[in-house]
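Below is one structure, written out as structure tokens; the observations come after it.
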Amino acid sequence: MILEAPPPAANPEAFGQRLQSLRLELDLSLDEISLETKISKRVLEAFESGAFQYLPETVFSRSFVGQVARVMGCEPEGLVADFDAAWASYQLMSGAARPPVPDDFVGGPTIRWRFWFPISVCAAILVVVGIVILSGSEPGQAGLVEQPRLVVQRPAATPVGTRLPTSLPVSAAAAAAAGEVPPDIGPVDLKILVDPNEECWVRYRDREGRSEQRLLVGGESLELQLEGPVKLTVGNASAARLVVGGVLYGDLGVPGQVVHAEASLQGLTELGAGPIYD
């Protein structure tokens with residue numbers, strides 16, 4: 001049965017109300033949809049309440065909307081298009097995106113600002129660059145720029161078995177010492193573990209361009225051998241633990257956080273956090 005779709009929704013609250021009305025029209029509960037799609041009830045509640053700040057990355061959220069639409073007998077393309085419009089509205093309201101200013105807009109004081117603002121910005125940048133250059137190697141200089149950090153291994157906080165040694169494999173270490181290949185290039189054994197009663201979203205891309213994105217549910221694990229270095233994106237980071245080259249890494253982030261990292265023969269390095277990092 002194909003449901004007659006209500007009018008499109010252009011903001012998160014209206015989209016959530018539309019999604020809820022479609023579900024109630026079919027007399028379906030959130031638990032039933034969660035069981036059918038393997039999407040957590042918390043995520044479904046966030047959709048229906050318009051609380052888009054609690055949703056995962058856009059690519060995962062769009063996939064979830066398509067799955068829910070199929071369960072409810074709707075056309076996935078139309079519902080996903082409405083979600084895209086609501087998501088764009090959410091980004092605009094939250095400051096993540098700003099509307100372009102027309103080039104032909106004219107007005108009294110605006111013309112003056114359009115002339116002086118770029119000059120002021122350039123001058124400010126030159127001042128900052130000059131301060132950085134003059135400061136040289138003074139203490140605290142590294143604090144000006146956030147650098148990628150090696151993820152701290154916390155064996156006491158992770159209940160998985162004994163940690164293996166953290167040294168590079170003998171062949172990779174010897175090759176790196178001989179200058180044959182960079183020390184982070186080579187096959188990487190990667191395992192992703194998901195805590196019980198949790199779920200996380202994973203996307204990876206290795207040095208040879210092999211890539212995939214998957215939703216992992218509670219207690220599930222994924223074992224891979226990829227060509228390092230491997231770029232990783234992990235959604236709901238607190239639910240996941242990574243094993244890289246036999247070394248267990250936990251404490252990746254807080255619930256609902258999206259974390260970006262790189263796995264190589266040297267271990268796991270956190271690159272940053274947030275949905276728009278790439």
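A few notes on this one:
- If R0 is taken as 45 Å, the Cβ-Cβ distance between Glu77 and Val127 corresponds to a FRET efficiency of 0.30.
- In order through segment 187-196: 3J(HN,Hα) via Karplus (6.51 cos²θ - 1.76 cosθ + 1.60), integer Hz, x for Gly, Pro: x, 10, 8, 10, 10, 10, 10, 10, 5, x
- 3J(HN,Hα) couplings calculated from phi for segment 46-54 with the Karplus curve 6.51 cos²θ - 1.76 cosθ + 1.60 (θ = phi - 60°) are, in sequence order, 5, 4, 6, 8, x, 8, 5, 5, 9 Hz; Gly and Pro show x.
- Ranked from largest to smallest solvent-accessible area, with a 1.4 Å probe on the protein heavy atoms, Ser221, Ser61, Ser89 come out as Ser221, Ser89, Ser61.
- The string of couplings for segment 27-36 from the Karplus curve (6.51, -1.76, 1.60, θ = phi - 60°) is 6, 9, 9, 4, 5, 5, 5, 4, 5, 6 Hz, one whole number per residue in order, with x for Gly and Pro.
- Under the criterion of Cα pairs below 8 Å and six or more residues apart, the relative contact order for segment 5-62 equals 38 percent.
- Label positions at Met93 and Gln225, each projected 7 Å from the Cα along the C-beta direction, are separated by 5.0 nm.
- Segment Gln17-Gln257, extension gain: residue separation times 0.36 nm, minus the distance between their alpha carbons: 83.8 nm
The values are calculated or read from the model by the stated rules, or taken from the named source; none is laboratory data. Because the structure is predicted, anything quoted here is derived from the model rather than measured. Ideal geometry is used to build each Cβ from the backbone, glycine not excepted, and the neighbour counts take in all protein chains shown. Remember, those area values only see protein heavy atoms, side chains included, never the ligands or the DNA or RNA. Shrake-Rupley method; radii C 1.70, N 1.55, O 1.52, S 1.80 Å.
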